[in-house]
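Reading through the structure tokens given below for one structure.
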Amino acid sequence: MAEKPAARGVELLDKGKIDTCVQCGMCLSSCPTYRELGVEMDSPRGRIFLMKSVQEGRLQPDDLFARHMYLCLDCRACETVCPTGVPFGSLVEAARAVVEHHRRLPILARPARDLAFTWLLPYPDRLRLLGTILRLAQRSGLLAIARLFSFGRLRGWLALLPDVSASPFLPGDVTSIRPIGSPRGRVALFWGCVAPVLLPNVQRATVAVLARYGYEVVVPEGQSCCGALHLHNGLREDAQALARRNLTAFDEGARTEAVIVNAAGCGAALKGYPELLRGTAEEGRAERFRAAVKDFAEFLGAAKEVPEGGRLKTTVTYQDPCHLAHGQRVTSEPRQLLKSIPGIEFKEMRDADRCCGSAGIYNLLNPELSQRFLKSKLDHAVHTGAKIIVTANPGCQLQLQAGIRQAGLSTEVVHLAELLARACELDAGN
Amino acid sequence: MRISPALRQKIRQIVFDGKVLSEPGDLYCYSYDATRMSFLPDLVVEPTSARQVADVVRAAKEEGVPVVPRGAATCTTGGPLPVSGGIVLSLTLMNRILRIFPDSRLAIVEPGVVNGDLQAAAQPYGLFFPPDPSSFRVSTLGGNIAECAGGPRCLKYGVTKDFVQGLEVVFPDGRLLDTGPLGYLRWPESALIGLMVGSEGTLGIVTKAYLKLHPIPPARRSLAATMFRIEQVGEAVNEIFSAGLVPAKLEFMDGFAMRLVDDFYKVGLDREAAALLLIEVDGDKEGVEEEAAQIEAVCQKVRVKKLQIARSIEEEELLWRMRGMLSPTVSRAADIKINEDVVVPRGKVAEALRLIEELARRHGLRVVNYGHAGDGNLHTSFLVDDDPEQKRRAEEAVSELFRVVLRLGGSVTGEHGIGLTKVKFLAWEIGEEGTAAMRKVRDAFNPQALMNPYKIFLESGAEAIQGDKRLA
Amino acid sequence: MQVVQPTTPDEVAELLGSAQAKGTRVGVRGGGTLEQILPAEGTAPELLLDLSRMNRITSIERGNLLARVEAGAVTAAVQAAAEAEGLFYPPDPTSLETCTIGGNIACAASGPHQLKYGGTRDFVLGLEVALPSGKPVRTGADMQKSVAGYDMTRFLIGSGARFGVVTGAVLRLLPKPQRRRTLLCSLTTFSAGASIALAVMKGGMTPAAMELLDLRCLEVDRDAWTSFGLPNRPTVEAESLLLIELDGVEASVNRQRAQIEQLCADQAKAMVLILTDPEKARRAWELRRRLLPRLMAGMPTWAMAVAAVVPEKLLAPFSSDEPPVAPISDRPARVACFAHAGTGMLHLFVGIDPAGERECDEALASSRRMLHRLRGAGGTLLRTYGPARHLLGEEEAPASALMERLAAIQQSFDPKGVMVP
């Protein structure tokens, strides 16, 4: 076959990584899109072969290529089962970067996405403003009206919004938190971007629980959005810029035990900084930073016990966020923490580590498919009889909460930190 | 191979509610299996019913277009590769478990059902489907039937062909036949079933299967014995059979494999041991206790280096994970892993291992041996660097491996099939008369070999065709 | 018709080759047991190959768990030779005392052990075949697991002599089970027996064999059965018998026995006899094997249908107006029913004395109704035996799509069409 000249940006596709795939097909069992859509192009193996075809010049990174790359949830469940260690997450991210070099988004979509990613997420003050607007919209009833009269995609997006009555809890609101009792150590906290606006109580609970465990919590200034959404949507350079910013902000990390992250997606992104900055001047700093990053559950799970007096009598189940289970291989600590709370009855749900369909902004861009994953997830969760679904990522939390609301169920969805705070009877509103 | 617009149109009409894929990206994604080879098809069709399969097959035959059936393509011998282009007919949309009759231990399934999904569906009834190839989470039952899949449990329970009680088949001329669930009890249906299982898609396409299920044994126990000498594997297996026992699983790995597993996973394996034998017994609780005790006694009699009995589910899972980890571990130990699945009569396992080590040494290659000690099915893997000289020596080593195995009265393939990769070796094993007899059968079902061409039998002109269509 | 008794596979091959060349019709015969119950139809062969002299058990290989035998080896002899080596050859057609391995292979014979182990087709690793062309060929391998090309062994099993003559076989053997135990479960009705059998299967057990016999089956050998301690006539509360064989390690056999006793205890007036003496067990199974000859005894003519249905529908043929109870008298029509319970294979026997035309017509009509009901439940009539078999109905003809292909294969192996199936 005649080879076409390689497309622009194709050098981003790493031949070495692509070649680690031996096409054994084991990934097909864990890929949610393959199980739903049933075609090889929407399986990890197929997507890699498409990338290989682009990389070898046999295929252009056209709209169809883009479609299959963006239908991927980037949940990385395939990485967990892959026998040869193919780094699928970084491959699909590179593929999307190639796509971004080529495609023209619909006339309104690019500015809208750029607005959100470049103008909003990295800036705490603008996020605070967004939070205020949302709170006013909810209080005034405007939000309810909008929900009532919206249709199509917008309706779906609005459905994802949680109760935003609580005031946002942003880095500027606090610089350092003292522990309760004698200090065990000192940790830095990665704040995030959208979560503190939409789920501020999670942040409050995180801080309160860390303090209760005896840690002084430091919130470095100048930190910003981790860049995960940017990287997952093909905006590699933007992600690198954010990474550099965070490395600078957390340079003081040398004086803390760990950098704690309570959002699985952010945690995976931060741990991915060395890969993101490979071959640049900051690679070394990124490696050191990475060594310090710990997910909230990962860090506390090592402690293996609940602070004295903590107890809670209820049934819970746990939803593994993809980027915690597959992206960071942290699965046992959250469960250990939950099971260690006196009074808790823990029920394992079926396919706990299968994607709920949130996947960054996937639920905004592919609502129908996202709903199918969500329905499956809720069926399994509800089947356990648990009163509370515990998770460890804001995207999952919003998605599950929206699904519960839609189905009219009474199950609660909380972040692990919120549950621990509740068990310790900590007022997460201080 | 071109497909006329008229045929494309006809097929789109037939498969109105399935998928007909023709974009370049689609075709690429159906060009490969697990052999890393790929050949470009002209069209990919995913029907939703047996009638659609039959109609597509007939329409294709009328125009002389090859049809290549495909499941999940975890095949390691090139079975679903469209060597001369044509239509890849994927059965993955036909994935319903139609009915389970628990009291009759019977499941009626479509071919695209994933093996693991049948296990999950049968489990609430206290039943399971014994063939457990390592691909069970992905491979389809249609594929399992086409290859006559095995797995560790087949020592006690049998292979796929022992569990197929009936089939619905589309023949290469588009005719449909359903034997019903009792086909295995009557000739000629039993002969058809016997042929179809393991026919690698060259005699027809299975569109429904009536499968026998087995009660899930209430109890099981796993043991692991490390050996001073590799011969002790054969000795232990022999003694176990002599005692009148048939364990559910008898798996082994050689010392090299043990060290590789230990390197990567740090599970504390004995790095000096010559081999590891993993044993599982299952059945009712009382029986399992007794069998485990007897096996313990056998291991002591054979003077194994160390015997470990799993005392909890976690311990048991760890033992079997080591066996399950083997294939990926071995893949990571070299640029290229060349894995063959040869079989020797079970009494000849020790001799086979000795001869294989010797031939690997002579070719200057690293070799790992592991597999199903109980039925003589060895997975011999040559570890090769990405170097043309080594690759050439590996090819020679594989040929010699087959010669050695055949001289011992064995077979060149226990589970993976002949497919595309072993067509040269079929006649080595079964001779010219045997090959001629099989060809007669193939020609009666599949004249001009339009269904899955170039598989199993060495055809003239094969090299040229392969060169022409091949992508990788 | 000329009868020849070859002694080597090469001789057989040569004879076939020359028959092909000359166009002589050739037939094959093993122990002749099939002919006793299924008289041959169609044109007789001109040359009959009698393989009874090729009856050697060439070797029993302990290490490889296999036996190499000639086609004329008698099944019982193979079983005994295996047991002597601590091994086990499970296929047990009821005529095993006289039928040959070659004959079993020709008609894919099976017996009570079908339930746990399977039949002839599950225990042949490979065949030595003389093709009609005169060339010998081997199929299969010395191992259970081999997928090099098609399973020609399974293709040939059951095909008679259509494609060639089996001259030898490599048989799969198992280690001999440590313990065997035979149970006789006497039950009040045939339905009760069927229910117990189903309960045994549902309980996750798989006995080595489980045979269900009705009242008539017991009556034709009543004294022999009662010698075990079973209830005697005229007790109408012991109308069926479940004959069960359990095997495995001692603890497992005991457990299964206890489970079965428990199931029977839930049935009123059921009785379980455990035959601990191996000699008694052997005799019990011998009684089972001579059932058909005993049913045939004294009947001028007879017919038997062998039908199959999914096991849970075993009672489908019977209804309120056709309960599975044999008529009290066994003349002029003798009706009996027995089954491989658990596998779902039912045998309906009708012995006919033409002197009692009315009763015989009724019996045959009733049998045909039962078969009809069985078909309605998804079952199938596998084959009919006996001189009067056409009175029980036609076996379903196999699909033409399949027969055409088989005819084509036959044609390619036997162009002159000389092989008598």
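The values are calculated or read from the model by the stated rules, or taken from the named source; none is laboratory data. Remember, it's a predicted structure, so these values are computed and weren't measured experimentally. All Cβ positions, even for glycine, are placed from backbone atoms using ideal geometry, and neighbour counts span all protein chains on display. Accessible surface areas use protein heavy atoms only, side chains included; no ligands, DNA or RNA. Shrake-Rupley method; radii C 1.70, N 1.55, O 1.52, S 1.80 Å.
Restricting attention to segment B:432-447, the residues that are polar (S, T, N, Q) and closer than 18 Å to C:Ala401 by Cα add up to 1. Please tell me if A:Leu91 is in a helix (DSSP H, G or I) and touching a residue at least 12 places away in the same chain (Cβ under 8 Å). Yes. Looking at segment B:338-351, can you tell me whether even one residue there is open to solvent by 30 Å² or more (accessible area, probe 1.4 Å), not aromatic (Phe, Trp, Tyr) and not in a helix (DSSP H, G or I)? Scanning segment B:338-351, I find at least one residue that is open to solvent by 30 Å² or more (accessible area, probe 1.4 Å), not aromatic (Phe, Trp, Tyr) and not in a helix (DSSP H, G or I), so the answer is yes. Within segment B:242-281, the residues that satisfy the criterion of being within 11 Å of chain C (Cβ to nearest Cβ) and either surrounded by 24 or more Cβ atoms within 10 Å (Cβ to Cβ) or touching a residue at least 24 places away in the same chain (Cβ under 8 Å) (or both) are B:Ala243, B:Leu245, B:Val246, B:Pro247, B:Val281. Does C:Gly164 qualify as being at the interface with chain B (Cβ under 10 Å from one of its Cβ atoms), more than 21 Å from the chain's Cα centre (by Cα) and of a type outside the set (S, T, N, Q)? Criteria met by C:Gly164. Residues in segment B:188-222 that are of a type in the set (A, V, I, L, M, F, W, C), under 21 Å from B:Ala107 (Cβ atoms) and surrounded by fewer than 24 Cβ atoms within 10 Å (Cβ to Cβ): B:Leu213, B:Ile216. Scanning segment B:150-171 for residues that are more than 10 Å from chain C (Cβ to nearest Cβ) and in a loop (DSSP other than H, G, I, E, B) yields B:Gly151, B:Pro152, B:Arg153.
Checked against (1) touching a residue at least 12 places away in the same chain (Cβ under 8 Å); (2) surrounded by fewer than 18 Cβ atoms within 10 Å (Cβ to Cβ), A:Arg278 passes all but condition (1).
Just the residues that are part of a strand (DSSP E or B), open to solvent by 40 Å² or more (accessible area, probe 1.4 Å) and in contact (Cβ under 8 Å) with a residue 40 or more places away in the chain, please, taken from segment C:111-146. Passing the criteria: C:Glu128, C:Pro136. Segment C:176-255 holds helices (runs of 4 or more DSSP H) entirely within its bounds, and those carrying 2 or more residues that are of a type in the set (Gly, Ala, Ser), buried (at least 22 other Cβ atoms within 10 Å of the Cβ) and within 14 Å of chain B (Cβ to nearest Cβ) map to C:190-202.
Just the residues that are more than 25 Å from B:Trp187 (Cβ to Cβ) and in contact with a Gly (Cβ under 7 Å, 6 or more places away or on another chain), please, taken from segment C:163-181. If the condition is that a residue be more than 25 Å from B:Trp187 (Cβ to Cβ) and in contact with a Gly (Cβ under 7 Å, 6 or more places away or on another chain), then C:Pro175, C:Lys176, C:Pro177, C:Gln178, C:Arg179 are the ones that fit. Taking into account only those residues within segment C:49-70 that are out of contact with any Phe, Trp or Tyr (no Cβ under 8 Å at 6 or more places or on another chain) and hydrophobic (A, V, I, L, M, F, W, C), which is nearest to the other protein chains (Cβ to nearest Cβ)? Among them, the one singled out is C:Leu66. Looking only at segment A:215-245, residues that are touching a Phe, Trp or Tyr at 6+ places or on another chain (Cβ under 8 Å), under 16 Å from A:Arg290 (Cβ atoms) and assigned to a helix (DSSP H, G or I) come to 1 in all.
For segment C:363-421, which positions are among the basic types (Lys, Arg) and over 30 Å from C:Asp330 (Cα atoms)?
First, the residues of segment C:363-421 that are among the basic types (Lys, Arg): C:368-369, C:373, C:375, C:383, C:389, C:405, C:416.
Passing the criteria: C:Arg405, C:Lys416.
Looking only at residues in segment B:12-30 that are more than 8 Å from chain A (Cβ to nearest Cβ) and touching a residue at least 24 places away in the same chain (Cβ under 8 Å), the one that is farthest from B:Thr421 (Cα to Cα) is B:Asp17. Residues in segment C:253-263 that are within 27 Å of the chain's Cα centre (by Cα) and of a type outside the set (Val, Ile, Thr): C:Gln256, C:Arg257. Of B:Ala334, B:Ala352, all but one fail to be touching a residue at least 40 places away in the same chain (Cβ under 8 Å) and within 26 Å of B:Gly409 (Cα to Cα); the exception is B:Ala352. Among the residues here, B:Arg229 does not qualify as crowded, with 22+ Cβ neighbours inside 10 Å and either more than 10 Å from chain C (Cβ to nearest Cβ) or without any contact (Cβ under 8 Å) to a residue 60 or more places away in the chain (or both).
Comparison of B:Pro102, B:Pro124, B:Pro131 shows that the only residue that is away from every other protein chain (no Cβ under 11 Å) and either within 24 Å of C:Asp122 (Cβ to Cβ) or surrounded by 24 or more Cβ atoms within 10 Å (Cβ to Cβ) (or both) is B:Pro131.
So how many residues does segment A:5-18 have that are within 14 Å of another protein chain (Cβ to nearest Cβ), in contact with a helix residue (DSSP H, G or I) (Cβ under 8 Å, 6 or more places away or on another chain) and at pLDDT 85 or above?
Quick first cut of segment A:5-18, residues within 14 Å of another protein chain (Cβ to nearest Cβ) only: A:7, A:15-16, A:18.
Okay, now just the ones that are also in contact with a helix residue (DSSP H, G or I) (Cβ under 8 Å, 6 or more places away or on another chain), so A:7, A:15, A:18.
Next, only the ones that are at pLDDT 85 or above stay: A:15, A:18.
Summing the residues that are within 14 Å of another protein chain (Cβ to nearest Cβ), in contact with a helix residue (DSSP H, G or I) (Cβ under 8 Å, 6 or more places away or on another chain) and at pLDDT 85 or above in segment A:5-18 gives 2.
Considering C:Ala108, C:Ala81, C:Ala76, the condition of being open to solvent by less than 40 Å² (accessible area, probe 1.4 Å) and touching a helix residue (DSSP H, G or I) at 6+ places or on another chain (Cβ under 7 Å) is satisfied by C:Ala108 alone. Could we say that B:Leu192 is in a strand (DSSP E or B) and facing chain C (nearest Cβ under 7 Å) here? So B:Leu192 does not fit the description; no.
Among the residues of segment C:406-419, those that are farther than 11 Å from B:Lys440 by Cβ and at the interface with another protein chain (Cβ under 9 Å from one of its Cβ atoms) comprise C:Leu406, C:Ala407. Take B:Arg36 and decide whether it is open to solvent by 20 Å² or more (accessible area, probe 1.4 Å) and more than 10 Å from chain A (Cβ to nearest Cβ). It is false that B:Arg36 is open to solvent by 20 Å² or more (accessible area, probe 1.4 Å) and more than 10 Å from chain A (Cβ to nearest Cβ). The residues on offer are A:Ala281, A:Ala239, and the sole one that is more than 30 Å from A:Leu71 (Cα to Cα) and of a type in the set (A, V, I, L, M, F, W, C) is A:Ala281.
Scanning segment C:88-105 for residues that are outside any loop (DSSP other than H, G, I, E, B) and surrounded by fewer than 24 Cβ atoms within 10 Å (Cβ to Cβ) turns up just one, C:Phe88. One residue alone among A:Leu160, A:Leu229 is in contact (Cβ under 8 Å) with a residue 12 or more places away in the chain and within 20 Å of A:Arg135 (Cα to Cα), and that residue is A:Leu160. Residues that are assigned to a loop (DSSP other than H, G, I, E, B), within 21 Å of the chain's Cα centre (by Cα) and of a type in the set (A, V, I, L, M) within segment C:366-396 comprise just one, C:Ala388. Annotation: of all residues in segment A:36-47 being open to solvent by 10 Å² or more (accessible area, probe 1.4 Å) and in a helix (DSSP H, G or I), the one that is farthest from the other protein chains (Cβ to nearest Cβ) is A:Glu36.
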